[in-house]
Every structure is written in structure tokens, then in C-alpha cells.
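For reference, the structure is listed below as C-alpha cells.
The values are calculated or read from the model by the stated rules, or taken from the named source; none is laboratory data. Here the structure is a predicted model, which is why all the values come from computation and not from measurement. With ideal geometry, Cβ positions are generated from the backbone for all residues, glycine too; neighbour counts draw on all protein chains shown.
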Amino acid sequence: MKRIALLLACWLAFAAQAQSQDAPKGQAPAAGAKVSMCIGCHGIPLYKSAYPEVYHVPKIAGQSPQYIVSALRAYRNGERSHPSMTGVAKGLSDKDMADLAAYYGASTGGGK
């Protein structure tokens, strides 16, 4: 039983390491030229989108980088649905997503 537990622990450690190597590490400064597509909605406090329906645009500044990447991937893969976000996410590489997540994850300023 101890052997199985040890093998499982080794496998989990290997899987976690492999996953972290697959995901690009985000660089906040690299997001500087990429945030223009986000700031138009997420940079306006209390902004509501009117397309395709009235929708409260969430604050992303200070959000967990892992959450931001997960949400962007879900929009890109069709697991989440919003026309504007799907269009933006489909144009982003994994590195772009990681950079944006690092930028907004480190941001705590006002606005979104």
C-alpha cells in the first residue's frame, strides 16, 4: 500500500511539473501592447456592455492570473460564451493570455 501511495505521489508531482512547463509563464511588461483590447471595457469602472444584451463587465485588475487564463481559454474553446470575449480570446496565443494574466493579476489600481 505504501508503494502505491509513493508511486501516486511521484506521478502527481511529475504531472504538476509537466503542466507548469506546458503553460507559458506570463510577463506583465509584455502585456503593455496587448491590454488595449481589454481596457476599452474592463478599464471603465461599473461599465455595462449592451451587446448582445446588457451585461455587467467584471473587474479583472487584481484577479488571480490562473483564473484569467482559465477564463480566456474557456472563451477560446467555446466553454464560455460572450461574443466580444470569444472574438478577443480566439485571437490570443497561450503566451498572450499568460502575459495579460500576469499584468492584470499584478494590478490593483482603480478601474477594472
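Give the number of residues within segment 97-112 that are surrounded by fewer than 20 Cβ atoms within 10 Å (Cβ to Cβ) and in contact with a Lys or Arg (Cβ under 9 Å, 6 or more places away or on another chain). Going through segment 97-112 one residue at a time, the tally reaches 1. When we screen Val57, Val69, Val88 for residues that are touching a strand residue (DSSP E or B) at 6+ places or on another chain (Cβ under 7 Å), β-branched (Val, Ile, Thr) and crowded, with 16+ Cβ neighbours inside 10 Å, the only hit is Val57.
Whenever a residue of segment 62-87 is on the phi > 0 side of the Ramachandran plot, its partners that are of a type in the set (Val, Ile, Thr) and at pLDDT below 95, lying with C-beta atoms within less than 9 angstrom and at least six residues away or across chains, give the pairs Gly62/Thr108. Listed by first and then second residue, the pairs with beta-carbon distance under 6 Å, at least 6 apart or on different chains, first residue in segment 27-50 and within 18 Å of Val69 (Cα to Cα), second of a type in the set (Ser, Thr, Tyr) and part of a helix (DSSP H, G or I), are Ala28/Tyr103; Ala31/Tyr103. Of all positions in segment 2-12, none carries a residue that is at pLDDT 80 or above and of a type in the set (Lys, Arg).
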